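Okay, so here's the structure we're looking at.
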Amino acid sequence: MVTLIDLRRLLHALCARLAFAPPLFARLVIGVVFTHSGYGKWTHLDQVVKFFAGLGIPFPQLQAPFVASVELVCGALVLVGLGTRLAAVPLIGTMVIALATALSEKITGLNALFGLAEFLYIALLVHLIVGGAGAVSLDRLVARALDRADAEDRAQDGSVARAELAHLNRQTS
């Protein structure tokens, strides 16, 4: 007979196997949205400059290509999971500015703020900053290579057991 404890164990095991999915899904959403938006801004830069000028954003001729570049480059980095934590910071900045300028009239309270896609992007980006890019990312590959190099250095110094180095080598192969 299946008990509640058995179901709990099964659920925990299933969730552990699917732990890669939430950061991957968040990166896909953020990456696609921002690379598309950045590309769109670049291809219609004159219109973006006029829009920024109408919002009263200072130096719209400089800000428009800057924002387009941030969205395109940082969105692509988040998409592939490379430098995700760093790339998320300027994307949050662009969303804060969007909320403070273009969307300020729509923010009539917390419920209205929480319902805006730009605020939800900020929430996903904060999650990626705190939790990282996840298992299916270039960040993870870089981290494993750095961990292996560090373990090899420490093994040569005699400060780490060879078993730890062997464990890291098995983990990355």
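Read-outs throughout are calculated quantities, based only on the coordinates presented, and are distinct from any laboratory measurement. Keep in mind it's a predicted model, so treat the numbers as computed, not measured. Counting neighbours? That spans all protein chains shown, and the Cβs are built from the backbone with ideal geometry, glycine included.
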Could you please report the charge total around ALA53, scoring K, R as +1 and D, E as -1 over all other residues with beta-carbon less than 15 angstrom from its beta-carbon? +1
Sorted by Cβ neighbour density within 10 Å, fewest at the top, the residues LEU14, LEU24: LEU14, LEU24
To make sure I understand, if each residue's beta carbon is the centre and we count other beta carbons within 10 Å, what order do VAL89, VAL70, VAL130 fall in, fewest to most? VAL130, VAL89, VAL70
With the dipole of the chain defined by +1 on each Lys or Arg Cβ and -1 on each Asp or Glu Cβ, the option from GLY83, LEU55, HIS12 whose Cα lies farthest towards the positive pole is HIS12
Whole Å is fine, so just give me how far the alpha carbon centre of the stretch 1-41 lies from that of the stretch 71-135. 18
The answer for chymotrypsin sites (Phe, Trp or Tyr not before Pro) in the stretch 5-77 that fall in a DSSP coil and have at most 14 neighbouring Cβ atoms within 10 Å is PHE20
How would you rank SER137, SER104, going from fewest to most other Cβ atoms within 10 Å of each one's own Cβ? SER104, SER137
Helix by helix through the chain, keep the DSSP H runs that span 18 Å or more along the axis on Cα and average at least 1.0 on Kyte-Doolittle, and give those back in order. 60-80, 84-100, 117-131
Between LEU138 and LEU11, the FRET efficiency computed from the C-beta separation at R0 = 41 Å comes out, to the nearest 0.05, as 0.85
Size of charge dipole - the chain - debye, nearest 20, with Cβ of Lys, Arg +1 and Asp, Glu -1, no other charges: 380
Surface/4 of the Cα convex hull for the chain, nm²: 15.9
Rounded to the nearest 500, what is the chain's calculated 222 nm mean residue ellipticity when only DSSP H runs of at least 4 contribute -39500 (n - 2.57) each, over all residues? -26000 deg cm²/dmol
